[in-house]
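J.: Take a look at this one; I'll ask things after.
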Amino acid sequence: MQKEELLFKTHYNGLCHFAWKILGDLTVAEDLVQDAFIAYFRNTDQVSTNDIAIKNYLYSAVRFACYNHIRHEKVRQKYWKVVGFTEEDNTALELNMIHSEVIQEIYKIIEQMPASCQQIFRLGYLEGLSNLEITKELQISINTVKTQKQRGMKMLLKRLNPEFIPLVIFLLKNI
């Protein structure tokens, strides 16, 4: 067994426990201990080869890394508190991203529709005009409006990612 591997196996568990007692988070503790070993192995020429000196170096490195982590977490929490960003905001942000993806997908499909169908679909579903308002604006029959809206909706539902269909129905009703 190499010297580095023996050193790691000898001190790793104790250092992890030490860091965990400070932080209360084993995953972060393990990461910081690994970072301390990496720092030691990069600077072996600057640390005495004495086992006690090596142990002291590692424990000091882990302790300071833990304190830095705690300090960083406090700053991060203070920042989010000042900004006022909450879990609800994160959920709302994710919903906005999904909403944007769905809208982008809808517009791509609408652009593939024939021109007359596209125009009527936009007026009816995206601009919220009634069938009667569309007939007056375009000077076409109400049956043409209904037919083109149905064709557009069939094309949309046929080409749309199935995961988006419930959201599309919700969006089109609330536009």
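Please treat every number below as a calculation from the coordinates, not as lab data. As the structure is a prediction and not an experimental result, all values here were calculated from the model. As a convention, Cβ positions derive from the backbone with ideal geometry for all residues, glycine included, and neighbour counts pool all protein chains shown.
J.: Does anything in region 15-33 have its amide N under 15 Å from the 7 Å Cα→Cβ label point of GLN77, and if so which residues?
T.: 22-25
J.: For region 1-49, what size does the Cα cloud have along each of its three principal axes, sorted from largest down, in whole Å?
T.: Principal-axis extents of region 1-49 (Cα, largest first): 32, 22, 14 Å.
J.: Further question on the same structure: Which angle from 0 to 90°, rounded to the nearest 10, does the C-alpha axis of helix 26-42 make with the longest principal axis of the chain?
T.: Computed tilt is about 60 degrees.
J.: Now for a separate question. In the calculated pair distance distribution of the chain, what percentage of Cα-Cα distances lie above 25 Å?
T.: Working: 9262 of 15225 pairs.
Taking all Cα-Cα pairs of the chain, the fraction more than 25 Å apart is 61 percent.
J.: Next question. Given the DSSP H assignment, sum -39500 (n - 2.57) over each helix run of at least 4 residues in the chain and divide by its residue total; what's the result at 222 nm in deg cm²/dmol, nearest 500?
T.: Details: 8 runs with 138 residues, N = 175.
Taking each H run of at least 4 residues, the total per residue is -26500 deg cm²/dmol.
J.: Under a cut-off of 26 Å between alpha-carbon atoms, report the lysines in cross-link reach of LYS55, not counting same-chain residues fewer than 8 places apart.
T.: Of all the lysines, those that pass the test against LYS55 - Cα under 26 Å, at least 8 places apart if same chain - are LYS3, LYS9, LYS21.
J.: Another one. With angles folded into 0 to 90 degrees, how steeply does helix 3-23 sit against the dominant principal axis of the chain? Use alpha carbons for both and round to 10.
T.: 60 degrees
J.: Moving on. Taking K and R as +1 and D and E as -1, what net charge do the other residues with C-beta under 11 Å from the C-beta of ILE142 add up to? Can you show the working numbers first?
T.: Working: positive: LYS136, LYS146, LYS149; negative: GLU133.
Here the count lands on +2.
J.: In addition: So if I place +1 on the C-beta of Lys and Arg and -1 on the C-beta of Asp and Glu, and nothing else carries charge, what would the dipole magnitude of the chain be about its Cα centre? I want it in debye, nearest 20. It would help to have the intermediate numbers written out before the result.
T.: On the way: 21 positive and 20 negative charges, 106 e Å.
In total the dipole reaches around 500 debye.
J.: Additional query: How compact and how long is region 3-83, expressed as Rg and Dmax of its alpha-carbon atoms in Å?
T.: Gyration radius and largest Cα-Cα distance of region 3-83: 14.3, 49 Å.
J.: To continue, here is another question. As an exercise, use a Förster radius of 35 Å and the Cβ-Cβ distance of LEU157 and LEU93 to find the FRET efficiency, rounded to the nearest 0.05. Don't skip to the answer; put the middle values down first.
T.: Numbers: r = 28 Å, r/R0 = 0.79.
Once the sixth-power term is evaluated, E becomes 0.80.
J.: Which of the listed residues, ILE134, VAL28, GLY152, is farthest toward the dipole's positive end in the chain, when Lys, Arg count +1 and Asp, Glu count -1 at the beta-carbon?
T.: Of the options given, the answer is ILE134.
J.: Ranking ILE52, ILE120 by Cβ neighbours within 10 Å, fewest first, what do you get?
T.: Numbers: ILE52 8, ILE120 26.
With the fewest neighbours first, ILE52, ILE120 line up as ILE52, ILE120.
J.: What number comes out for the charge environment of HIS69, summing +1 per Lys or Arg and -1 per Asp or Glu over other residues with Cβ under 13 Å away?
T.: Working: positive: ARG63, ARG71, LYS74, ARG76; negative: ASP25, GLU30, ASP31, ASP35, GLU73.
Net of charged neighbours comes to -1.
J.: Let me know the Kirkwood hydrodynamic radius for region 87-173, please, with Cα pairs as the basis and the value in Å to one decimal. Provide the component values of the computation, followed by the final result.
T.: Details: mean 1/r = 0.0724 Å⁻¹.
For region 87-173, inverting the mean 1/r across all distinct Cα pairs yields 13.8 Å.
J.: Rounded to whole Hz and in sequence order, give me ³J(HN,Hα) for region 71-78 from the Karplus expression 6.51 cos²θ - 1.76 cosθ + 1.60, θ = phi - 60°, writing x for Gly and Pro.
T.: Along region 71-78, the couplings run 4, 4, 5, 5, 5, 4, 5, 4 Hz.
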